[in-house]
């Protein structure tokens, strides 16, 4: 599963760069400044969490039996799709209802970070092997 998470993180990072470049060059003339900024926020958060997914995959190689790492990965992937995806859709479509999904994605991202924190806390309490 670790290699799968690392692969998803790498693909997500690639898409973040591609979408950010597309917005900067292809959408600059078509979107309002606010919509472009919203799109870029989606790409920025996607990149941060792509790197975090790669980190989670590497940690899963170190601690393969830690269920919280798996849950953190799944929660983070879901959060990226909902948070960044809703910002992308909101920006290009102008349909404000997509904005209602963004906080759900943000909550999932926060949950993923808490799960990672709990994993680290639990790991620090275990005796050294």
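The values are calculated or read from the model by the stated rules, or taken from the named source; none is laboratory data. Note that the structure is predicted; figures quoted are calculated from it, not measured. Positions of Cβ are generated from backbone atoms using ideal geometry, with glycine treated the same way; all protein chains shown enter the neighbour counts.
Go through (1) buried (at least 19 other Cβ atoms within 10 Å of the Cβ); (2) without any contact (Cβ under 8 Å) to a residue 24 or more places away in the chain for residue 124 and report which single condition fails.
(1)
Go over the candidates 61, 108, 69 one by one and state the one that is part of a helix (DSSP H, G or I), in contact (Cβ under 8 Å) with a residue 12 or more places away in the chain and under 10 Å from the mean Cα position of the chain (by Cα).
Values: 61 fails: under 10 Å from the mean Cα position of the chain (by Cα); 69 fails: under 10 Å from the mean Cα position of the chain (by Cα).
Unique residue meeting the criteria: 108.
Is it true that residue 79 is in a helix (DSSP H, G or I), touching a helix residue (DSSP H, G or I) at 6+ places or on another chain (Cβ under 7 Å) and under 30 Å from residue 32 (Cα atoms)?
On the way: in a helix (DSSP H, G or I): yes; touching a helix residue (DSSP H, G or I) at 6+ places or on another chain (Cβ under 7 Å): yes; under 30 Å from residue 32 (Cα atoms): yes.
Here the answer is yes, as residue 79 does meet what is asked.
Go over the candidates 61, 87, 56 one by one and state the one that is surrounded by 20 or more Cβ atoms within 10 Å (Cβ to Cβ), within 28 Å of residue 121 (Cβ to Cβ) and at pLDDT 95 or above. First the steps, then the outcome.
Details: 61 fails: surrounded by 20 or more Cβ atoms within 10 Å (Cβ to Cβ); 87 fails: within 28 Å of residue 121 (Cβ to Cβ).
After ruling out the rest, the residue left standing is 56.
Which one is farthest from residue 46 (Cα to Cα) among residues in the stretch 112-127 that are at pLDDT below 90 and out of contact with any helix residue (DSSP H, G or I) (no Cβ under 8 Å at 6 or more places or on another chain)?
It comes out as 127.
Has the stretch 13-21 got any residue that is more than 25 Å from residue 112 (Cα to Cα) and either free of Cβ contacts under 8 Å to residues at least 60 places away in the same chain or in a helix (DSSP H, G or I) (or both)? Walk me through how you get there before you give the answer.
Restricting attention to the stretch 13-21, the residues satisfying the condition of being more than 25 Å from residue 112 (Cα to Cα) are 21.
Add one more test, that the residue is either free of Cβ contacts under 8 Å to residues at least 60 places away in the same chain or in a helix (DSSP H, G or I) (or both), and what stays is 21.
Yes, because at least one residue in the stretch 13-21 is more than 25 Å from residue 112 (Cα to Cα) and either free of Cβ contacts under 8 Å to residues at least 60 places away in the same chain or in a helix (DSSP H, G or I) (or both).
Of everything in the stretch 22-40, what is surrounded by fewer than 16 Cβ atoms within 10 Å (Cβ to Cβ) and part of a helix (DSSP H, G or I)? Give them in sequence order.
Taking the stretch 22-40 first, the residues surrounded by fewer than 16 Cβ atoms within 10 Å (Cβ to Cβ) are 22, 24-26, 28-30, 32-34, 37.
Hits for the stretch 22-40 are 22, 24, 25, 26, 33, 34, 37.
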